[in-house]
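J.: Sharing a structure here in structure tokens format.
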Amino acid sequence: MNLVIFAVKNMRTERPERLYGLDNLRALAILLVLLYHYRAFKHPVWVETVGKFGWTGVDLFFVLSGFLISSQLFREMESRGTISLKTFYIKRFFRIIPSYLFTVFLYFTIPFFREREALPPLWKFVTFTQNYGLNVIDQGTFSHAWSLCIEEQFYLILPLLLLILMPIKLFKYLAVLIVFLIAFSMMLRWVTWNETIAVLDDNSLEFWCLWYMKIYYPTHARLDGLGVGVLIGYLIQYSSLFKNRVHRHGNRLFLFGMVFLGISFWICNEQASKNASVFGFTLVAMSYGMIVMSAISESSFLSRKKLYITSQLAALSYAIYLSHKGIIHIVQNIFERFDIPTSDGVCLIVCFLACIAGGLVYRFVIEKPFTVIKSKVLKDHFL
């Protein structure tokens, strides 16, 4: 019993103070994704322009995940000298899998929930490999699960990699390794573009299908955001000079991040162009990396105050991401059956509110009950 009490107390003391600035960014990320994906449905004209760069919301999620997960692991390494794989995977399992499998269940059993008709094979969703070989033209239903596949692969590999590097001298060169992996990802996109994409007519369906399949979706081509997030987490943990500068220059980092993001958007104006494909993803990740550093800085306006709206939206972001396409599809179908316009702002607001309502259903029906189970499992783990 004393061991359990000690373990629980230790878990509490190791838990960092919540970074409200990151909640603001997580809320921004899900709004960007919603606007981008809403363009695939009937929408007001302004959504086409405002939502054009909403795809970068996923890159922001990647940077946030890379930073938060790696920081958690680095703190555990410093305090305990190792990483408990069992504890880490239990936490990730109960956070990710129940809501995800519920959404997969909806897509495969309720055709009315599908925003499109054809689904990839079930085994690809279950094994989190759907992002490889994904034909978005012919099997584009629940296509947005591609990013969840990348994150799940990241959760699986990162702690194992750190455990391998920790006992050897290579760990102190982890920052160099991360930069190398980002450069490697850029090189793979460059090779793929020259050998597979450049020879195609950029107005053809084959071009778009292969661009998504070979450049946009695969994990090896999308290491930028996660890599930048891990790099920030590593430097914050192990470089006091870097950490102090981040805390002193929070607002300046935000300004630089926004300037670089504007440059990135200019380069990525045509999302499937060569410059965007090879360099754009990296520049977007670096820009969001600066903004994430601003959000964790003690001197930044982003981190000074908790906002109820953004904190709640951030908490619901995962559930909303999973379910939003199916919910928007259902709402617009209902509107059409009653001859209510679907391409105006009223329908957009109703769709977004429905997505939030869907997120709340996930929270109370799935996430909260499984959080209780997770706590019990972790408690039993320390017995």
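J.: Can you find a residue in region 292-312 that is free of Cβ contacts under 8 Å to residues at least 40 places away in the same chain and under 20 Å from Thr56 (Cα atoms)?
T.: The answer is no, given that none of the residues of region 292-312 is free of Cβ contacts under 8 Å to residues at least 40 places away in the same chain and under 20 Å from Thr56 (Cα atoms).
J.: Is there any pair linking a residue in region 71-85 that is over 17 Å from Ile296 (Cβ atoms) and touching a residue at least 40 places away in the same chain (Cβ under 8 Å) to one that is acidic (Asp, Glu) and part of a helix (DSSP H, G or I), with Cβ under 9 Å and at least six apart or on different chains, and which?
T.: Final answer for the pair search is Glu76/Glu14; Ser79/Glu14; Thr82/Glu76; Ile83/Glu76.
J.: Another one. Suppose the filter is modelled with pLDDT of 95 or more and of a type in the set (Phe, Trp, Tyr); does Tyr212 pass it?
T.: So Tyr212 passes the test.
J.: Next up: Just checking, does region 139-150 include any residue being open to solvent by 30 Å² or more (accessible area, probe 1.4 Å) and either at pLDDT below 95 or of a type in the set (Ser, Thr, Tyr) (or both)?
T.: Yes, there is a match, as at least one residue in region 139-150 is open to solvent by 30 Å² or more (accessible area, probe 1.4 Å) and either at pLDDT below 95 or of a type in the set (Ser, Thr, Tyr) (or both).
J.: Looking at region 22-48, which of its residues are over 24 Å from Val136 (Cβ atoms) and open to solvent by 50 Å² or more (accessible area, probe 1.4 Å)?
T.: Hits for region 22-48 are Leu28, Val45, Trp46.
J.: Those residues that are touching a helix residue (DSSP H, G or I) at 6+ places or on another chain (Cβ under 7 Å) and charged (D, E, K, R), I need them from region 133-168; list them, please.
T.: Glu151, Glu152
J.: Can you find a residue in region 97-104 that is farther than 12 Å from Glu152 by Cα, of a type outside the set (Val, Ile, Thr), free of Cβ contacts under 8 Å to residues at least 60 places away in the same chain and out of contact with any helix residue (DSSP H, G or I) (no Cβ under 6 Å at 6 or more places or on another chain)?
T.: yes
J.: Further question: Condition first: of a type in the set (Val, Ile, Thr) and buried (at least 19 other Cβ atoms within 10 Å of the Cβ). Can you find one or more residues in region 368-381 that meet it?
T.: Scanning region 368-381, I find no residue that is of a type in the set (Val, Ile, Thr) and buried (at least 19 other Cβ atoms within 10 Å of the Cβ), so the answer is no.
J.: Which residue, of Ser70, Ser84, Ser99, is open to solvent by less than 60 Å² (accessible area, probe 1.4 Å) and within 30 Å of Phe260 (Cα to Cα)?
T.: Criteria check complete, one pass: Ser70.
J.: Tell me the helices (runs of 4 or more DSSP H) entirely within region 172-247 that contain at least 3 residues that are within 27 Å of Val292 (Cα to Cα).
T.: It comes to 174-192, 224-238.
J.: Next question. Can you tell me which residue in region 49-60 is nearest to Cys347 (Cα to Cα), limited to those that are open to solvent by 30 Å² or more (accessible area, probe 1.4 Å) and not polar (S, T, N, Q)?
T.: Val50
J.: Within region 38-83, how many residues turn out to be under 23 Å from the mean Cα position of the chain (by Cα), in a loop (DSSP other than H, G, I, E, B) and not aliphatic (A, V, I, L, M)?
T.: Residues meeting the conditions: 7.
J.: Within region 157-177, is even one residue closer than 24 Å to Val33 by Cβ and touching a residue at least 24 places away in the same chain (Cβ under 8 Å)?
T.: yes
J.: When the residues of region 193-206 are filtered to those that are in contact (Cβ under 8 Å) with a residue 40 or more places away in the chain and open to solvent by 10 Å² or more (accessible area, probe 1.4 Å), which remaining residue is nearest to the chain's Cα centre (by Cα)?
T.: Checking each candidate, the answer is Trp193.
The values are calculated or read from the model by the stated rules, or taken from the named source; none is laboratory data. Keep in mind it's a predicted model, so treat the numbers as computed, not measured. Don't worry about glycine lacking a Cβ; one is built from the backbone with ideal geometry, like all the others, and counts go over all protein chains shown. Side chains are part of the model used for accessible areas, which takes the heavy atoms of the whole protein and leaves out ligands, DNA and RNA. Shrake-Rupley method; radii C 1.70, N 1.55, O 1.52, S 1.80 Å.
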